[in-house]
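Below: one structure, written as structure tokens.
The values are calculated or read from the model by the stated rules, or taken from the named source; none is laboratory data. Note that the structure is predicted; figures quoted are calculated from it, not measured. Note: ideal-geometry Cβ built from the backbone for every residue, glycine included; neighbour counts use all protein chains shown. Ligands, DNA and RNA are stripped out before the accessible areas are found, and what is left, the full protein with its side chains, is counted by its heavy atoms. Shrake-Rupley method; radii C 1.70, N 1.55, O 1.52, S 1.80 Å.
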Amino acid sequence: MATQQKLAKLLADSRGVAESSITDKTTFVDDLKLDSLDMVDMIMQIGDEFGIDTDSMDPTTIKTVGDLTAFIDSKK
Amino acid sequence: MIPTKLCSLLKIKYPIIQGGMAWIADAKLAAAVSNAGGLGLIAAMNSNGEQLRAEIKAIKKLTKKPYGVNIMLMSPYAKEAAQVVIEEKVPVITTGAGNPAIYMKDWIAAGIKVLPVVASTAHARMMAKSGATAVIAEGSEAGGHVGELSTMALLPQVVDCVDIPVVAAGGIADGRQAAATFVMGAQGLQIGTRFLVAKECGIHENYKKRVLMARDIDSIITGKRLGHPVRSIKSPFSRKMFEFEYDNTVSNEELEKKFGGCLRLAAVDGDEENGCFMAGQVAAMVKAEQTAAEIIKDIMDGAEQAIINYKL
């Protein structure tokens, strides 16, 4: 499964929104309404699900699903 | 005596950490708690590096026992504070209001024990992965800035998800509550509200009076609209703020401004009209001004008795 598709499914499941509503432009704060604890939760989930090290992930620079997809692919 | 891993890790006699309360947790209170066998904390709050250094030098004169500094990560001086604690060889750091991951490597390399306050299992796992010595699982019964989950719900979940010791915080004022957290897997307690009325606590008498007079129904949360809810004792200020939160004509910026400096007004000036008297839900259980040593003994003796007396 492509990274963005898998990511969209994870976010859709955890946020209770339609997978089809998540695009690379979807933002975590304004669109998905993630708060700081949600962001931490997401970072840990990404690490588990994609088997990558998320220590260097800076939530202040990763604002959209597209940004996160690029980060995950760079760590694979 | 209830020996826990936390005692051996932090080299303290009793597994009690005093909360790092801003405008309250100074060298005098922290030293009294450390001298009594617990772990006293100085609140770095919004102090700049040199102000914090002065407070650390003050505690070094007052105790030879381990002590710690609470670093509030939202402070504009957090980076300075993070460096000062290394230079001053502070033995223990607790952190609040954010994610300390960027400082963890340097602190750990300096031999500092790091105990971040966490409000979720993911945060606890992240901190354990970053090398934390222990985590402090703080439930929403606590005073000051709070999360959503109660200690009863949060603590066992955090205990189950990390392999490092967990300290319980929020909703603990006596031995029965302490015993309950030990049964749920806590290796230590963080106590804030009870130390507000410690004889060595230098807050204004009006603040102590508010705590000693609090009823069980006097606890209120304000600031939810701004995304950083705060628990305090009902007062003219908190009632006013509660109303403002539901008033659409008050912008978030105005609301933020109205909160500014309210804890200082309570703790330093004792301003009963405009001060925010932060305290946990257990404030009503705090009945007397006692020394830090008496408070620690009361809680630990009470916990032992609660465990011995337990019968279904």
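Scan segment B:149-168 and give yes if some residue there is open to solvent by less than 10 Å² (accessible area, probe 1.4 Å), on the phi < 0 side of the Ramachandran plot and within 12 Å of another protein chain (Cβ to nearest Cβ), otherwise no. There is at least one residue in segment B:149-168 that is open to solvent by less than 10 Å² (accessible area, probe 1.4 Å), on the phi < 0 side of the Ramachandran plot and within 12 Å of another protein chain (Cβ to nearest Cβ).
For segment A:59-76, how many residues meet the condition of being of a type in the set (Gly, Ala, Ser) and in contact (Cβ under 8 Å) with a residue 60 or more places away in the chain?
Result for segment A:59-76: 1.
Of B:Ile221, B:Ile233, all but one fail to be within 30 Å of B:Ala36 (Cβ to Cβ) and modelled with pLDDT of 90 or more; the exception is B:Ile233. Taking residues in segment B:210-232 that are within 14 Å of chain A (Cβ to nearest Cβ), and partners anywhere that are aliphatic (A, V, I, L, M) and open to solvent by less than 60 Å² (accessible area, probe 1.4 Å), the pairs with Cβ atoms closer than 7 Å and at least 6 places apart or on different chains are B:Gly223/B:Val230; B:Arg225/B:Leu255; B:Leu226/B:Leu255; B:Pro229/B:Val146; B:Pro229/B:Ile221. Being open to solvent by 20 Å² or more (accessible area, probe 1.4 Å), farther than 18 Å from B:Thr193 by Cα and in contact (Cβ under 8 Å) with a residue 24 or more places away in the chain is a condition met by at least one residue of segment B:292-302. Whether any residue in segment A:19-37 is at positive phi, exposed (fewer than 12 other Cβ atoms within 10 Å of the Cβ), of a type in the set (Gly, Ala, Ser) and without any contact (Cβ under 8 Å) to a residue 12 or more places away in the chain is what I want to check. No, segment A:19-37 has no match at all. Restricted to segment A:34-58, and to residues there that are touching a Leu at 6+ places or on another chain (Cβ under 7 Å) and within 9 Å of chain B (Cβ to nearest Cβ), the residue that is nearest to B:Val146 (Cα to Cα) is A:Met42.
All but one of (1) assigned to a loop (DSSP other than H, G, I, E, B); (2) surrounded by 14 or more Cβ atoms within 10 Å (Cβ to Cβ); (3) more than 10 Å from chain B (Cβ to nearest Cβ) hold for A:Gln4; which doesn't? For A:Gln4, the failing item is (1).
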